[in-house]
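J.: Please find one structure pasted underneath; my questions will follow.
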Amino acid sequence: MPFQIVLNITIAIMWMFLNESYQFSNFVVGYLIGIFMLFLLQRFIPDEYYMKRVMKIIYLVLLFIKELMLSNVTILKWVYKPNLDMEPGIFALPIDLKSNWEITLLANLITLTPGTLSIAVSNDHSYIYVHAMNIEDVEEEINSIKDSFEKAIKEVTR
């Protein structure tokens with residue numbers, strides 16, 4: 001992946017030199033041409049096409065923004081409810097992530113989403129303990145985190 005990025009930047013700089021115009025807009029056009037060229041020649045480059053991973057990163061960011069908005073609306077509904085009938089609790093989230101970076105990213109995404117807080121990671125790195133403001137169904141909470149954040153993190157890092 002780093003080789004492809006360097007190659008793409010080189011193509012963009014060569015495009016600027018060939019056009020004899022050293023403006024940022026010309027660099028962007030050259031970079032887009034480089035992306036297209038690398039896409040066409042991806043079978044000759046040993047690594048996976050790097051824009052696939054960039055798209056997965058963008059998907060993870062958009063997923064986080066969506067979950068952030070939905071949980072903010074839920075918290076807002078709880079705040080304006082006349083009587084609180086929440087069931088707060090702590091549950092153990094089994095994780096399939098291996099590296100410390102992946103586990104830290106998942107724990108931070110859980111914590112940054114309102115209504116949930118990652119408390120601790122087990123010693124064997126197989127569980128994250130999560131506090132939630134309202135747990136109606138523990139299995140549903142576990143599946144929603146595993147199907148959204150954990151799955152997107154695996155796609156980005158593997």
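J.: Counting Lys and Arg as +1 and Asp and Glu as -1, what is the net charge of the other residues whose Cβ lies under 14 Å from the Cβ of Glu139?
T.: Once all neighbours under 14 Å are counted, the net charge is -4.
J.: Restricting to Cα pairs below 8 Å that are 6+ residues apart, what does the relative contact order work out to for the chain? Please round to a whole percent.
T.: Taking the mean separation of contacting Cα pairs over the length of the chain, I get 21 percent.
J.: For Lys56, which lysines qualify as cross-link partners when the Cα separation must be under 17 Å and same-chain residues fewer than eight apart are set aside?
T.: Here the lysines satisfying the reach criterion relative to Lys56 are Lys66, Lys146, Lys151, Lys154.
J.: Another question, if that's okay. Choose one answer from Tyr50, Tyr59, Tyr80: the residue with the largest mean-square fluctuation in a GNM of the chain with alpha-carbon springs under 10 Å.
T.: Ranking Tyr50, Tyr59, Tyr80 by mean-square fluctuation puts Tyr80 first.
J.: Find, to one decimal place in angstroms, the Kirkwood hydrodynamic radius of region 57-157, where the mean of 1/r is taken over every pair of different Cα atoms and then inverted.
T.: Answer for region 57-157: a Kirkwood hydrodynamic radius of 14.1 Å.
J.: What's log10 of I(q)/I(0) for region 2-44 at q = 0.20, 0.28, 0.30 Å⁻¹, Debye sum over Cα points only, no solvent?
T.: -0.54, -0.90, -0.98
J.: Rounded to the nearest 500 deg cm²/dmol, what is the calculated helix-only ellipticity per residue at 222 nm for the chain, with -39500 (n - 2.57) per DSSP H run of length n ≥ 4?
T.: My calculation for the chain gives -19500 deg cm²/dmol from helical runs alone.
J.: Quick one: angle between helix 50-80 and the longest Cα principal axis of the chain, in degrees between 0 and 90, rounded to 10, please.
T.: Orientation of helix 50-80: about 30 degrees from the principal axis.
Since every read-out is calculated from the coordinates, none of them should be taken as a lab result. Bear in mind that the values here come from a model prediction, so they are computed numbers and not experimental data. Virtual Cβ from ideal backbone geometry, glycine too; neighbours counted across all protein chains shown.
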